[in-house]
1. Since Tyr440 meets every condition but one in (1) modelled with pLDDT under 90; (2) within 15 Å of ligand 2 (Cβ to nearest atom); (3) not basic (Lys, Arg), which condition does it not meet?
2. Among the residues of the range 221-238, what is the count of those that are within 21 Å of the chain's Cα centre (by Cα) and closer than 15 Å to Gln210 by Cα?
3. Going through Thr189, Thr225 one at a time, which residue ends up being modelled with pLDDT under 95 and over 24 Å from Asn490 (Cβ atoms)?
4. From the set of residues in the range 425-464 that are of a type in the set (A, V, I, L, M) and more than 16 Å from ligand 1 (Cβ to nearest atom), which is surrounded by the most Cβ atoms within 10 Å (Cβ to Cβ)?
5. Residues that are surrounded by 20 or more Cβ atoms within 10 Å (Cβ to Cβ), of a type in the set (Gly, Ala, Ser), in a strand (DSSP E or B) and touching a helix residue (DSSP H, G or I) at 6+ places or on another chain (Cβ under 8 Å): does the range 235-243 have at least one?
6. Given the conditions (1) free of Cβ contacts under 8 Å to residues at least 40 places away in the same chain; (2) in contact with a helix residue (DSSP H, G or I) (Cβ under 6 Å, 6 or more places away or on another chain), and given that Leu342 satisfies all but one, which numbered condition is not satisfied?
7. What are the residues in the range 472-496 that are loosely packed, with under 14 Cβ neighbours inside 10 Å, assigned to a helix (DSSP H, G or I) and either modelled with pLDDT of 85 or more or not assigned by TED's automatic domain parsing to the domain that holds Ile381 (or both), if any?
8. Being more than 30 Å from Ala475 (Cβ to Cβ), in contact (Cβ under 8 Å) with a residue 12 or more places away in the chain and touching a Leu at 6+ places or on another chain (Cβ under 6 Å) narrows it down to one residue among Ala317, Ala302, Ala297; which is it?
Amino acid sequence: MKYLAKHFVLSALICTFAFIMPRYADVILPLPLQGTFTYALPPDCEVVPQVGCRVIVPFGSRKFYTAIVMRLHDETPPYPTKLVSEVLDASPAVLPAQLSLWQWISDYYLCSMGDVFKAAIPAALKPKCETKKGARSKGQGAGGLSGQEAFSCPPALAPCPLSDVQQQAMEGIVSQWQTHDVCLLHGVTSSGKTEIYIHLMKKAIEEGKQVLFMLPEIVLTTQLTERLRRVFGNRMGVYHSKYSDKVRAELYQKMLSEEPYDIVVGVRSSIFLPFQRLGLLIIDEEHETSFKQQDPAPRYHARNVALVMARQAGAKALLGSATPCLESYHNALVGKYGLVTLKTRYAGLSLPDIEIVDVQEMRRKKLMGSGLFSPQLLAHIRKALEQRQQVILFQNRRGYAPVLECRECGWTPRCEKCDVSLTVHRGLRQMVCHYCGKAYDIPTVCPNCGGRDLSSKGYGTERIEEQLQAILPEARIARMDLDTTRSRQNYEQILHDFEGGNTDILIGTQMVTKGLDFDRVSLVGILSADSMLAQPDFRSYERAFQLMEQVAGRAGRKESVGHVVLQTRDASNAIVRQVLAHDYEGMYAEQAEERELFRYPPFCRVIFIYLKHRDEAVAESLATDFSVLLRQVFGERVLGPDTPPVSRIQRLHIRKLILKMELTAPMSAVRERLLALQSQILQMPGYHSAQVYYDVD
Ligand SMILES: [Zn+2]
Ligand SMILES: [Zn+2]
C-alpha cells in the first residue's frame, strides 16, 4: 500500500511535469554501453512518455532500438540530438523500483545498465530493427497481451496441515522476522520445507501481499508446480527460462496489469519481474550455484539481487537449504539474518547411513576389476534390485571419458580454440569441447605417431552406464545429464519413468542431487568424491560437501533407512569425514576459518578481472600493465596476474587479476575507479581490441 501511494505520487509528479512536455529524454539502450543517451522528443508527440516507458530510437547510421526512458528534462545538450522515433507506452513498462534495482546490479556487478536491460526484459517487449525502421514489427506494446495462461485448473484446496516440528519452525521464522528482514531456514534433506513455504505464502497473500518463490531451474519441475497449483490455482504464475519468450512476455505484462499474480514461482531471471506489492521472498535451495549467472553480463547472483529487491520493497525474505552457502550461514551466525534450524526429517525418517570405500585400497587388492565399481557398491546395488528398491549413482562428469590417450606416445586430443582436452562422447561418436561446444571426429589412428592403440581414460556418466549395463544386463538403467535432458520433455520423462518404477538405476551428474523426492530409493552411490575435491576454486570443498550431502539425502525416503556408498581415494579428507557425520556445522567452522585466514568471501569481496585478447603476448603484457595501474590505486588488494587453468577459450587468450575489497568499501566508488582505469589502459597503444570484464564474488 505504502508503495502504491509512493508510486502514485511519483506518477502524478511525472504527469504534471509531462503536461508541460519536456524536450529531451535520456534513455538506456539494450547494448553493453555505459551511461545514458539523450534524444529530443518530437513536439507533436501523441503519447507523452514517463520515466520507465519504452521508446524507439535511432542509433548509429541505420539502426533502431527499443530504449527505456531514464530521465525527462529541458537541458539542451551541447551536441546535436536525434529525435525519438516513437513512444511505445503511456505508462511505465519498467517500474521505478525496478530501475533502482537495475542501477544496483549495474554498480555491484560492474556492468552497464544496458547489459541489465538486455537481460531483464523479454525480447518480445523489445521490438528492434537493426536496418530499416519500416520493417519493425508493431503491436507488441503494452496492453496488447492478455497475460492469462491458457489452461484450466482445479479449484484451489487448503494446504496439508503441518506437523508439530514444522509448525514450530514456521512460528520460529515469523518471530525471527520481527527483528530481521531475512531468515535462514537450515533444514536437513526431507524435513518438509516446501510445506512450510506453502503456509507462509498463503498467509502473505491473505494479507494482500505478493510473493516471489525462487528455485533453481532444475528443481522447478512439473510435479512441484502442480502441487503448488493445487493450493494456489490461478493466483500463481510460473516463470521458467525454458518457456517461450512470448509466454514470458505475457507474464511480465500480467505483472504490470491491475490484476497481477499474487505468487510467482520462478527461476533466477524472475528477479526482473515488476512486482507492485512484494511482501514475501522465498529462495529455496539457496546454496545452488545456478542462481549465479556466469555469461554474458550481467554476471549477477540472483539470491543477492533478490534480497536487495526485498529490502527495497520492505518485504520479508526466507532462504532455505539443507546445506546453506557459507555466506548465508555466516550472516545468520553474526546476527545479520535470523536462523531457524530443522534437524528432523519429515515423518520420522532417519538420515542415511554412509559407508566410505577406499578405492585406492580396493585397487591394491585388485578388487576394482577394470572399472569404477567397488565390490561393496556392487553388492549393495544387487541387494537393492532384489528387494525391488531403486538406486541413484552420482558422477560429476558427463560424456564417456574425459580423456582419450595414445598408449604409444601419450598424445591427447585438445580443442583447437580452447586450451582444454576433449571429452569423448560414444553415443554421438564424437569428441566434444565442453567449453565452446565444438565437436570433432574420434580418430582411429594417432595423428602424432600413427599408433593404433588409443584408449579412454577416466569415467563419465555415459561410460558408467555402459559398464554397469554389462555387469547387470537385467537392470533397467537410465542416465540424467546435460546430454540426455536437452529438452524439458526429456528431463520430465526421465523423472517420470524413475518415479513410476520403470527404471531401476538412475545414473547422473549433479542434476540428480537436486531436491527430487522418490519413495523407493534405498541406495545412493557417489562414484568418485575426488574429482569434486580437486577443483581449483576456493569454494570447491564447500561445493563438494553440498553435492554429496544433497545426493545422499535422496536415499531412504519412506519407512526405511537409506544407505550411501561413497567411493574415494582419499578417505581421510576432512570433507569426506564431515559428509559421513552429516556435520554441516563442522564443515562450516573449518571452511570459514580458512576463508578468513586467506581473505575470501564472506570475509571480503572478491572481484575477478578477466582480460582477453587473440594474441597471447598482448594478453600477457596487458595483464601486467593493468596490474601496475590497479596497484597504484588499490595497493595490496590486487593479486596476479595469473593464467587461469583454462587459459584459452574460443581462440581468445585469458589472463586473470583478483581484487580483494573490504566489505565496507562502497561498490559504486570501486566501480568508478575500475572503469576509469579500464578506459585508461584500453587507450594505450595495442590494447584497444582487448576485452575486459568483471565477475564479482
Ligand atoms: Zn601416438
Ligand atoms: Zn573449445
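The values are calculated or read from the model by the stated rules, or taken from the named source; none is laboratory data. What you see is a predicted model; the values in this text were computed from it and never measured. Please note: Cβ atoms are built from the backbone with ideal geometry, for glycine as well, and neighbour counts cover all protein chains shown.
1. All conditions pass for Tyr440, except number (1).
2. Of the residues in that region, 2 qualify.
3. Numbers: Thr225 fails: over 24 Å from Asn490 (Cβ atoms).
Unique residue meeting the criteria: Thr189.
4. Ile464
5. yes
6. (1)
7. Asn490, the sole residue that qualifies.
8. Answer to the selection: Ala317.
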